[in-house]
1. Any chance you could count how many residues in region A:165-183 are within 10 Å of A:THR17 (Cα to Cα) and more than 7 Å from chain B (Cβ to nearest Cβ)?
2. Among the helices (runs of 4 or more DSSP H) confined wholly to region B:166-265, which include 1 or more residues that are at the interface with another protein chain (Cβ under 7 Å from one of its Cβ atoms)?
3. Mind checking which residues of region B:15-69 are more than 10 Å from every other protein chain (Cβ to nearest Cβ) and charged (D, E, K, R)?
4. How many residues are at positive phi and touching an Asp or Glu at 6+ places or on another chain (Cβ under 9 Å) when one looks only at region B:92-139?
5. Return the residues of region A:184-209 that are more than 9 Å from chain B (Cβ to nearest Cβ) and either surrounded by fewer than 22 Cβ atoms within 10 Å (Cβ to Cβ) or more than 19 Å from B:PRO116 (Cα to Cα) (or both); say none if nothing qualifies.
6. Exactly one of these conditions fails for A:LEU31: (1) surrounded by fewer than 21 Cβ atoms within 10 Å (Cβ to Cβ); (2) within 20 Å of B:PRO234 (Cβ to Cβ); (3) at pLDDT 95 or above. Give me its number.
7. Just to confirm my filter: which helices (runs of 4 or more DSSP H) fall fully inside region A:1-93 and include at least 2 residues that are hydroxyl-bearing (Ser, Thr, Tyr) and under 30 Å from A:MET216 (Cα atoms)?
8. Out of the residues in region B:89-105 that are exposed (fewer than 12 other Cβ atoms within 10 Å of the Cβ) and closer than 25 Å to B:PHE175 by Cα, state the one that is nearest to the other protein chains (Cβ to nearest Cβ).
Amino acid sequence: MLEVLLSRRFLEVLTNTLLLLAAIIPSQFLLALAATFLFTERFRGREVALYLFVLPLAISDVAAALLWYTMLSPKGFLNKLLMELGVISRPIQFFGYAFRHMEFLAIVLCEVWRATAIVFVNLYAGYQMIDRELIEASEVFGLSFPQRLRYVILPLLKPSIESALLIRTLFALQMFAPILMLAGLDIPVLATETFYVFGQLFDAPRASAWALFIGMFTLAVSAVYVRLLRTSRVVR
Amino acid sequence: MLRSLLLTVVAALLSLWILLPLTYTFIAALADVKNYYERLVPTEYTLENFAVFFRLGAFDALLRSVAVAALTIVISFALGVPAGYVLGRLAFRGRDALRLAILSARMFPVMIMAVPLAVLFIDIGLYDTLLGIALVHAALALPFVVIITSSIFLSVPREMEEAGMVFGLSGWQVFTKITMPLAAPGLTAAAMFTFVISWNEAFAAAILASRERTLPALTVATTVAGIGGAAPDPYRFAAAAILSLPAFLIMAYMRKHLTAMWGVR
């Protein structure tokens, strides 16, 4: 365990994991919040759009990674489209060790596509429970939308926001297939390292140490989460 | 009116963001490879990609995936439905604590379960078996099954059960003739959700088997550069199409239960 924690590899893996979290979670949160406001309104085609928006909940991370490979590969949708439009003359490379920053971008796109719906479902459910009259009252008193967001909606939504973000953080710690499939071993994170050490190096003790670290990390975040869940119950 | 139109446009853009990768992958999976490479929208279509994909071991993997998912449903329901019934129906000391404990078990990372179990499974002969994979998938699905079924049983009105007893049904008859039929649609949704968990799970399936691979595990092994995967493009398109197919059917049915399954409360 100590040997893993003190290795130089550990620092690299942890940094990658945290960088990915930092890139993915805020994007998902903003998109999910916007979608929450959108789907609270009534408009034509709402049902179909809602079905499509939550569809990725049931799509595996393995499939999602392949979908984004199809979009971004040298002969994929994006490159063919841009070439056809004459924007670029050579394909943009997303994959390979030399293009690690692009691989990072591909992973972020894939995860935002696939898992924003989880954040959305939680925020949307929380938003439904907010007393409509409070929001209407703030409209009557002439608060602008940013003001309403800042002083009324976000504070009322706080319990849902906290739990949605935490559940997202925990699931993101287990991100595995999209990273391996889009970046190979170029961007090792906690889960892919566990997989690699066990499956390829056949080093069970070391793999257990990595898994244990994921477990402890999860436990620490869960402790915060359970506490928040309790307080939010009391408030209601 | 203008506002509603604007919202529709925004929703259409959001739908496009979700649909584009899916649609284009299905197009790619059905297209002739050479034609696909030359054109943005292919003009020649064939089932050859799927035929090759299935011939290269994916068909067996697909059957294994279905078998593992079925086993997962059986195991997790056998353990989870009674527990859900108790949590939803009976009041007892420590019920809330138990609920909370089960809720937090949903956060349990699969890594910490799969790695030690792989070592254990090698010793007791469960490594590389469908039952071994299904056991881990059932452990992942169990908290969801308990929480979902408890809320389903909670929603079956107690008065109807009591009415059944008044008319002379035994406790077991009340359960099979009144409670179960009323709970059936919810339980179907829970079964579908369990199917999705197992069908989509790749980490444990890849760690716990080297020959008996499920479809996601096979796909990871054949597509990840650096661990010996170098599957050609058409293989990847076909894999993506087959893997995401169940989602369309299942999500249409599960709309009502979204928050129960992916929500936190």
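1. Residues that pass the stated criteria total 2.
2. Details: elements: B:171-174, B:180-200, B:203-207, B:215-223, B:233-254, B:258-262.
Because the criterion is at least 1 residues that are at the interface with another protein chain (Cβ under 7 Å from one of its Cβ atoms), the helices (runs of 4 or more DSSP H) in region B:166-265 that meet it are B:180-200, B:203-207, B:215-223, B:233-254, B:258-262.
3. B:ASP32, B:LYS34, B:GLU44, B:GLU48, B:ARG55, B:ASP60, B:ARG64, listed by residue number.
4. To start, the set of residues in region B:92-139 that are at positive phi comprises B:94, B:125, B:128.
After this cut, where a residue has to be touching an Asp or Glu at 6+ places or on another chain (Cβ under 9 Å) as well, the list is B:128.
The number of residues fulfilling the criteria is 1.
5. Within region A:184-209, A:ILE187, A:PRO188, A:VAL189, A:LEU201, A:PHE202, A:ASP203, A:PRO205, A:ARG206, A:ALA209 meet the criteria.
6. Single failed check for A:LEU31: (2).
7. On the way: elements: A:2-6, A:8-40, A:46-54, A:61-72, A:77-84.
Fully inside region A:1-93 and qualifying: A:8-40.
8. Our first condition is that a residue be exposed (fewer than 12 other Cβ atoms within 10 Å of the Cβ); within region B:89-105, this holds for B:90-94, B:96-97.
Filter once more, so that each one left must be closer than 25 Å to B:PHE175 by Cα: B:90-94, B:96.
Working: B:LEU90: 21, B:ALA91: 18, B:PHE92: 19, B:ARG93: 18, B:GLY94: 15, B:ASP96: 9 Å.
The qualifying residue nearest to the other protein chains (Cβ to nearest Cβ) is B:ASP96.
The values are calculated or read from the model by the stated rules, or taken from the named source; none is laboratory data. Small disclaimer: the values here were computed from a predicted structure and weren't measured. Note that we place each Cβ from the backbone using ideal geometry, even for glycine, and neighbour counts take in every protein chain shown.
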